[in-house]
Amino acid sequence: MQTRVISLLVEDNPGVLTRMSGMFTMRGINISSLTVSPCEKPGLSRMTVTIEASESELEKVRKQLSNLIEVIKVVDLKEHDAIIRDLCLMKVHTKNVEARTEVMQLAESYGAKIADASLDSLILELADEPERIDRFIELMKHFGIKQLFRTGITAIARD
């Protein structure tokens, strides 16, 4: 089993997401990340779906997705052939000046932005590769994460 990223170009109609996710449910495949947004073509949307699947399961999923009427295009995005990103917003406890300084230094080293600050916490924003965000989260656990939100993976194929 490997993490698979699938990009779908779909018609922007009610029920498309339900039919697409239902197809995964029928196959017993869990969607670990899903993002949907309008794209460059009016009336169409792009979905990025992340699943854990074998090569044979992926092939079956691609075929079934291609058979859905509203699906225009299905692309399996390989890690080395795509730019893959996730966005993380995190509220971190900063109980004193030393902790605040250390969190700010770590945030800077990871390229995270300080989105907001209060007397006892910082809200950090980081858009990066999912694995790099995972490492950043592990570092911030030491300080105490008050809240954590991730948008889910979005990806685009390289030329």
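Worth pointing out:
- Of all the listed residues (79, 70), the sole one being over 15 Å from residue 153 (Cβ atoms), among the acidic types (Asp, Glu) and touching a residue at least 12 places away in the same chain (Cβ under 8 Å) is 70.
- Each residue in the range 16-38 was checked for being out of contact with any Ser or Thr (no Cβ under 6 Å at 6 or more places or on another chain) and either outside any loop (DSSP other than H, G, I, E, B) or touching a residue at least 24 places away in the same chain (Cβ under 8 Å) (or both), and 16 pass.
Results for (1) loosely packed, with under 15 Cβ neighbours inside 10 Å; (2) more than 20 Å from residue 155 (Cβ to Cβ); (3) of a type in the set (Val, Ile, Thr); (4) assigned by TED's automatic domain parsing to the domain that holds residue 135, shown as yes or no for each residue.
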| position | (1), (2), (3), (4) |
| --- | --- |
| 16 | no, no, yes, no |
| 19 | no, yes, no, no |
| 28 | yes, yes, no, no |
| 37 | yes, no, no, no |
| 87 | no, no, no, yes |
| 95 | yes, yes, no, yes |
| 99 | no, yes, no, yes |
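- Every condition in (1) in a helix (DSSP H, G or I); (2) surrounded by 15 or more Cβ atoms within 10 Å (Cβ to Cβ); (3) at pLDDT below 95; (4) of a type in the set (D, E, K, R) is met by residue 76 except one, and the failing one is (1).
The values are calculated or read from the model by the stated rules, or taken from the named source; none is laboratory data. All values derive from a computational prediction rather than experimental measurement. Positions of Cβ are backbone-derived with ideal geometry, glycine not excepted, and every protein chain shown enters the neighbour counts.
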